[in-house]
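Chemist: Quick one: the structure is below, questions incoming.
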């Protein structure tokens, strides 16, 4: 297996979950149905802080030097993302709880698991989140905010690419590739389950209306 195969396999296995995470219902869940500019920006800022904390913790104790450097770079990127979002919001946002996905990620200790969970599974979720935020601001005719989140989406994709390059170099056995696939899949599943649970609690079906 290689990382192209891995990404394709994960996207196929989690196609339904990713499609639903990429729906307009995502922002309902993230904002507790408060679909206004401030609530969307607060939710986005909280997401960036959670990612920053995860990658900062990993950078501090990652034994693989190149991976530790990447985690530090991504933590810095997430901090810059947070600052750009709060610039749009006009005020700081308190760090949120970790949430199920980041709680799981922060418990990962193996390099393969961290790369697969943090820079494949999580970034596939983040891509859908950024796209929905872009769409929200396009609909609000707020091009400055839409452009900002387009940039965040591109930068997150670039971080994914760097993570996959490193994952290719550290996965040396079939078992390690299987671990990477399992962790990426589970990361997406946790994000989806959290999203679905919030919607169900609101009385909203997470499944699309056909």
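The values are calculated or read from the model by the stated rules, or taken from the named source; none is laboratory data. These figures come from a predicted structure and were not determined experimentally. All Cβ positions, glycine included, derive from the backbone under ideal geometry; neighbour counts span all protein chains shown.
Chemist: Could you list, ordered by first residue, the pairs with Cβ atoms under 9 Å in which the first is in region 57-85 and on the phi < 0 side of the Ramachandran plot and without any contact (Cβ under 8 Å) to a residue 12 or more places away in the chain and the second is part of a helix (DSSP H, G or I) and exposed (fewer than 15 other Cβ atoms within 10 Å of the Cβ), at least 6 apart or interchain?
Modeler: These pairs meet every condition: 68/60; 68/61.
Chemist: Looking at region 5-18, which of its residues are touching a residue at least 12 places away in the same chain (Cβ under 8 Å) and either within 17 Å of the chain's Cα centre (by Cα) or surrounded by fewer than 19 Cβ atoms within 10 Å (Cβ to Cβ) (or both)?
Modeler: Scanning region 5-18 gives 7, 9, 10, 11, 13, 14, 17, 18.
Chemist: Which one is farthest from residue 206 (Cα to Cα), of the residues in region 25-48 that are out of contact with any helix residue (DSSP H, G or I) (no Cβ under 7 Å at 6 or more places or on another chain) and in contact (Cβ under 8 Å) with a residue 60 or more places away in the chain?
Modeler: The residue in question is 37.
Chemist: Can residue 83 be described as surrounded by fewer than 17 Cβ atoms within 10 Å (Cβ to Cβ), more than 15 Å from the chain's Cα centre (by Cα), closer than 28 Å to residue 196 by Cα and modelled with pLDDT of 95 or more?
Modeler: No; evaluated as a whole, the condition is false for this residue.
Chemist: Still on this structure, I have one more. Can we say residue 155 is touching a helix residue (DSSP H, G or I) at 6+ places or on another chain (Cβ under 9 Å), modelled with pLDDT of 95 or more and surrounded by fewer than 18 Cβ atoms within 10 Å (Cβ to Cβ)?
Modeler: Criteria met by residue 155.
Chemist: Which condition from (1) touching a residue at least 12 places away in the same chain (Cβ under 8 Å); (2) on the phi < 0 side of the Ramachandran plot; (3) surrounded by 15 or more Cβ atoms within 10 Å (Cβ to Cβ) is the one that residue 99 breaks?
Modeler: Single failed check for residue 99: (2).
Chemist: Which condition does residue 130 not pass, out of (1) closer than 20 Å to residue 10 by Cβ; (2) surrounded by fewer than 16 Cβ atoms within 10 Å (Cβ to Cβ), if it passes all the others?
Modeler: All conditions pass for residue 130, except number (2).
Chemist: Next up: Quick check: anything in region 182-200 without any contact (Cβ under 8 Å) to a residue 40 or more places away in the chain, closer than 26 Å to residue 64 by Cα and either more than 19 Å from the chain's Cα centre (by Cα) or not in a helix (DSSP H, G or I) (or both)?
Modeler: no
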